[in-house]
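The values are calculated or read from the model by the stated rules, or taken from the named source; none is laboratory data. Note that the coordinates shown come from a computational prediction; the quantities given were computed from them, not determined experimentally. Heads up, the Cβs are rebuilt from the backbone with ideal geometry, glycines too, and the neighbour counts pull from every protein chain shown. What goes into the accessible areas is simple: the full protein's heavy atoms, side chains included, and nothing from ligands, DNA or RNA. Shrake-Rupley method; radii C 1.70, N 1.55, O 1.52, S 1.80 Å.
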Amino acid sequence: MNHLERIDLGFNQLSGPFPTALTKLKNVSSIDLENNRLSGPLPPQIGDLSGNMAGLRISGNNFSGPFPFEIRVLGGLSYEYNALEIHDPAVQTYIDNHNPSWNYQKPSQTLPPDDLRIKAVSPGNVALEWEAIYFTEYPGGYEVFYGETSGGDFQKVGTVPDKSVTTYQVTGLNPEKDHYFQVRSYTDPHEFNQNRVVSGFSNQVSTKAESEIRYYVPVIRGDAKTYTGMAFSNSSMQKSHFELAAIGSGGSITHSFAESNRQELNPGAQFSGLTNEIFGFNPGASVSGWVEFSADNDSFASLFQIGTKKSLDGGLAFKRTLSKFFFTRVNGIDSTGSKQPKIYLALANPNRESATVRLRLYSGSPTAIETNQTLPPRGSLFATLQEIFGTFEPEVGFIEAFIVDGGGIVGVQVVEYSEEETMVILPARDDTSGKFGYSAQLASGLGWFTSVNLSNVGFSQRTVTIEAIRDDGSPLDSPVEITLRARRGFQSKIRDLFDFSSEFHVGSLKITADGPQVLADVIFGDPELNYAAAMPLQKRGFETAWCSHVASSETLYTGIALFNISPGKAVVSIEVFAKDGIKIGETSIELKAGHRISRLISELIPSIENLMGGSIRITSTRPIIGQQFFGDRSGNYLSSVPPVY
């Protein structure tokens with residue numbers, strides 16, 4: 001056997017695991033195992049094969065799991081039509097160099113679905129949603145699994161026989177028990193593979209199919225200078241009931257708001273206030289924790305705002321917990337600037353058991369600083385990056401987070417420039433699918449800046465095209481193309497990215513990546529950071545959305561920016577409701593394809609110039625994106641949040 005150079009065992013109906021005995025044949029230059037019924041993981045003993053091997057051919061089997069690190073010694077590899085995954089950056093580099101058919105543009109692997117999440121919960125029922133796999137050339141679908149303990153025995157509860165359908169409703173659940181779910185994909189036999197190929201499992205999600213729907217405000221802060229405000233609007237067509245609880249960092253309920261046990265909101269009505277008013281905190285008292293909002297329907301629009309006299313920003317309450325997510329700012333606005341912020345992570349654990357999250361900091365390098373943080377049951381964390389990771393050089397990068405023990409959590413990052421008393425807030429991001437991102441706000445010059453931040457959280461290099469678009473849909477400048485290395489970030493002010501002079505430029509922003517795993521956000525404000533706001537770029541448009549608060553007076557303003565991302569004209573209706581749910585004004589506008597509008601609500605509907613509290617409903621005949629912004633007319637602060645849809 002010492003002189004054996006080539007082994008051809010293809011098309012032989014071989015079954016079982018990879019035959020590791022073959023790895024002992026040191027002089028073999030080619031092994032062909034294609035189109036058999038071999039299954040299971042590829043063993044690390046593959047590394048024992050000669051580096052001079054011309055090729056290992058394993059296409060058309062049922063191999064699954066991650067490529068072993070040792071695969072990199074092979075001179076060639078053919079692996080199409082299996083269920084193999086890449087978990088290691090070094091393996092990704094090898095695959096890119098030797099066989100780029102892994103690339104999403106020509107996929108061939110039956111991979112686990114990305115981003116399994118809870119879409120909706122009702123008594124006894126849980127609706128699941130996930131991202132479609134890229135390999136859709138041949139028929140297949142998804143299998144949904146259920147268990148009552150995390151990591152325990154899971155049973156298949158349903159099949160979705162179409163790879164393009166990415167939702168499933170599990171029914172008949174016991175509302176008193178915890179429920180855990182996973183999904184895997186499958187590909188039916190086809191001309192290049194006689195096997196039914198099944199992927200590994202997706203991320204695990206959990207919930208209770210209980211009668212109450214829960215929303216999570218991941219952080220509240222309060223002291224002599226700082227306040228937190230919240231607003232919840234009932235966007236359903238029926239009366240709804242709710243309760244609120246403020247939960248301290250240790251996990252105990254510190255205050256609750258539930259006069260007569262539950263509060264009632266009419267359709268379109270809003271509940272809003274500062275936390276010290278809602279929960280009766282002593283004015284100026286130090287407050288740290290999070291808030292749970294429970295209701296009897298899942299149709300509430302929400303927001304929270306943290307502010308001082310000179311700063312304000314916030315986001316949306318979370319409707320589900322996250323098991324894997326990212327924070328996209330490590331260094332603030334400008335890595336070369338003199339103004340470096342404090343960046344805090346605010347994490348909240350809504351579960352009845354503790355949760356351990358692994359945090360990986362990528363700061364200008366594909367090598368991460370790693371640490372674990374354990375949150376007590378119902379507890380929370382509010383700490384700077386230095387307190388979490390120790391001393392590091394802040395450069396453009398991102399933070400990866402995933403649960404290693406317990407249920408999912410929620411969180412935001414707070415970027416604070418203490419000298420200017422300016423603060424912006426960005427949410428944890430878990431949707432890494434898709435190739436597009438949109439911002440309805442771009443401003444540069446005459447007292448404004450916009451900073452764009454890109455994070456490639458995947459293991460493949462990406463090419464990203466950035467477009468700046470005028471309000472009439474025409475380009476502000478030629479598109480800019482960025483090469484974004486794996487596990488790296490990019491950051492620039494718009495004025496430096498495009499050929500912008502000191503003149504004022506305003507419009508929208510669009511990014512297009514050549515694959516998934518790219519996250520983007522913007523921070524905009526005045527160059528001296530007297531005021532600023534942040535927004536993640538939106539990946540999908542909406543046809544109906546709610547903005548859950550209005551603050552319009554002699555000193556305060558509320559506005560909306562809308563951008564038509566569809567190929568045709570959109571007719572957009574804007575309705576304003578008072579706190580009691582009564583509609584008090586409406587207007588209709590037309591947005592041509594690619595057009596944008598940014599106006600104060602009082603400009604769109606002059607009759608509501610003075611309105612403190614209430615909500616806005618936006619409906620469109622085509623998908624659009626948008627954002628709501630708040631500020632004071634003296635220019636002390638600015639805030640921006642997306643609508644709920």
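Points to keep in mind about this one:
- Comparing Ser573, Pro123, Gly16 along the charge dipole axis of the chain, the residue lying farthest to the positive side is Gly16, per the Cβ-charge model.
- The C-alpha atoms of the chain define a longest principal axis, and helix 89-98 lies at about 60 degrees to it.
- With a 1.4 Å probe rolled over the protein heavy atoms of all chains, the accessible area of Thr93, Thr308 falls in the order Thr93, Thr308, largest first.
- The GluC sites (Glu not before Pro) of segment 1-82 that DSSP puts in a loop, and whose beta carbon has at most 11 other beta carbons within 10 Å, are Glu5.
- When segment 528-645 is reduced to its Cα atoms, the Kirkwood hydrodynamic radius in Å: 14.5
- When all protein chains stay in place and ligands, DNA and RNA are ignored, the 1.4 Å accessible-area order of Arg37, Arg184, largest first, is Arg37, Arg184.
- Taking the centroid of alpha carbons for each part, segment 390-456 and segment 502-534 are 11 Å apart.
- At a probe radius of 1.4 angstrom, the accessible area of segment 347-404 per residue rounds to 40 square angstrom.
- Rounded to 0.05, the FRET efficiency of the Ala224 and Ser553 pair, given R0 = 22 Å and the Cβ-Cβ distance, is 0.35.
- Theoretical ellipticity at 222 nm over the chain - DSSP helices of four or more residues, -39500 (n - 2.57) apiece, nearest 500: -1000 deg cm²/dmol
- Between Glu137 and Ala383, full extension at 0.36 nm per residue minus the direct alpha carbon distance yields a gain of 83.9 nm.
- Pair Asp472, Ala90: separation of 7 Å Cα→Cβ label points (nm): 5.7
- Loop chymotrypsin sites (Phe, Trp or Tyr not before Pro), segment 350-399, which have at most 15 other Cβ atoms in a 10 Å radius of their Cβ (DSSP): Phe392
- Residues of segment 342-380 with amide N under 17 Å of the 7 Å Cα→Cβ point at Ser252: 376-380
- Where segment 109-231 is the region considered: accessible area per residue in Å², 1.4 Å probe: 42
- Amide N of segment 17-50 lying under 15 Å from the label point, which is placed 7 angstrom from the Cα of Arg6 along Cα→Cβ: 28-34
- Length gained when the stretch Lys569-Gln340 is fully extended (0.36 nm per residue, less Cα-Cα span): 78.1 nm
- For the peptides 127-139, 217-229, the ranking by mean Cβ contacts within 10 Å, running from highest to lowest, is 217-229, 127-139.
- Label assignment, Kirkwood radius over Cα pairs in Å derived from the structure, set [x] 28.1; [y] 25.1; [z] 26.3: [z]
- Taken as Cα centroids, segment 572-635 and segment 111-134 sit 32 Å apart, rounded to the nearest whole angstrom.
- In segment 431-580, lysine pairs with alpha-carbon atoms under 16 angstrom apart (chain gap of 8 or more, or interchain): 4
- Accessible area per residue (1.4 Å probe, heavy atoms of protein chains only) ranks Phe318, Phe192 as Phe192, Phe318, with the largest value leading.
- Taking the 1.4 Å solvent-accessible surface of the chain as the whole, the part contributed by carbon and sulfur is 47%.
- Stretching the chain fully between Gln194 and Ile584 yields a gain of 134.0 nm (0.36 nm per residue, less the alpha carbon separation).
- Ligands, DNA and RNA are left out, and with a 1.4 angstrom probe the accessible area of segment 494-645 is 37 Å² per residue.
- Only Lys, Arg (+1) and Asp, Glu (-1) charged, at Cβ; the chain dipole about Cα centre in debye: 420
- Placing unit charges on each Cβ (+1 for Lys and Arg, -1 for Asp and Glu) gives the chain a dipole about its Cα centre, and among Asn61, Val91, Ile306 the Cα reaching farthest toward its positive end belongs to Asn61.
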